[in-house]
Amino acid sequence: MPALKKKRKKKSKIYFGTPVHNAIVEYNRSEDYTFRHKIYTEEIHAAFLKLAENIINTFKFSYFDYGFRDLQEEVVSNLVLNMHKFDENRGSKAFSYFSIVAKNYLILNNNANYKKMK
């Protein structure tokens, strides 16, 4: 009799889905810094890192003097600074909103760096 193979659970490819959207909404609603820190570190930070990585790699911003990891952390910092501006009542998803925020931040800084280098 052949040995039974264990089926491995399929890993989800969605890194910024509804759970992250809901975590951002809860983060914005809360005034408790301990709770906000916990929800950010457990739910939001990894999604922001992956979002920044994907946008940097997709649009190939080339006028930055420093490495990929530093640029990624800079984008994540900007997303955290703008997290309070996200309003779930406007009908957009957090993924769409923060993708645009990250892309606009990178475009603005890429263009400024281009002007400096020129």
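The values are calculated or read from the model by the stated rules, or taken from the named source; none is laboratory data. Every value quoted in this text rests on a predicted model; they were computed, and no experiment measured them. Here the Cβ is made from the backbone with ideal geometry for all residues, glycine too, and neighbour counts use every protein chain on show. Calculation scope for accessible area: heavy atoms of the full protein, side chains included, ligands and nucleic acids excluded. Shrake-Rupley method; radii C 1.70, N 1.55, O 1.52, S 1.80 Å.
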Worksheet item: Residue-wise, which Karplus ³J(HN,Hα) couplings in Hz belong to the stretch 74-87, taking 6.51 cos²θ - 1.76 cosθ + 1.60, θ = phi - 60°, and x for glycine or proline?
Response: 5, 5, 4, 4, 5, 5, 5, 5, 9, 4, 5, 7, 6, 10
Discussion item. Quick check: with the 1.4 Å probe, what order do Lys103, Lys85, Lys118 take by accessible area, largest first?
Written reply: Lys118, Lys85, Lys103
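What does the net charge come to around Glu74 if you take all other residues with beta carbon closer than 13 Å to its beta carbon, with K and R at +1 and D and E at -1?
Computed value for this residue: -3.
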Discussion item. How large is log10 of I(q)/I(0) for the chain at q = 0.11, 0.15 Å⁻¹ when the intensity is taken from the Debye formula with one equal scatterer per alpha-carbon?
Written reply: -0.45, -0.72
Worksheet item: If you keep only loop residues by DSSP, which GluC sites (Glu not before Pro) in the stretch 25-107 have at most 10 other Cβ atoms within 10 Å of their Cβ?
Response: Glu31
Response to the item:
Accessible-area order for Met117, Met83, largest to smallest, probe 1.4 angstrom, reads Met117, Met83
Worksheet entry | Accessible surface, the chain, averaged per residue in Å² (probe 1.4 Å) | 75 Å²
Response to the item:
Surrounding charge for Val101, neighbours by C-beta under 14 angstrom, Lys/Arg +1, Asp/Glu -1, total +2
Discussion item. As I understand it, the value is the acute angle between the Cα axis of helix 18-29 and the longest principal axis of the Cα atoms of the chain; what does it come to in degrees, rounded to 10?
Written reply: 60 degrees
Worksheet item: Which one of Phe59, Val75, Phe86 is farthest out on the positive end of the charge dipole of the stretch 59-118, using unit charges on Cβ (Lys, Arg +1; Asp, Glu -1) and the Cα centre as origin?
Response: Phe59
Worksheet item: So, counting K/R as plus one and D/E as minus one, what does the shell of residues with Cβ under 12 Å around Arg36 add up to?
Response: -3
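Rounding to the nearest 20 debye, state how big the charge dipole of the chain is about its Cα centre with +1 on each Lys and Arg Cβ and -1 on each Asp and Glu Cβ.
With Lys and Arg at +1 and Asp and Glu at -1, about 900 debye.
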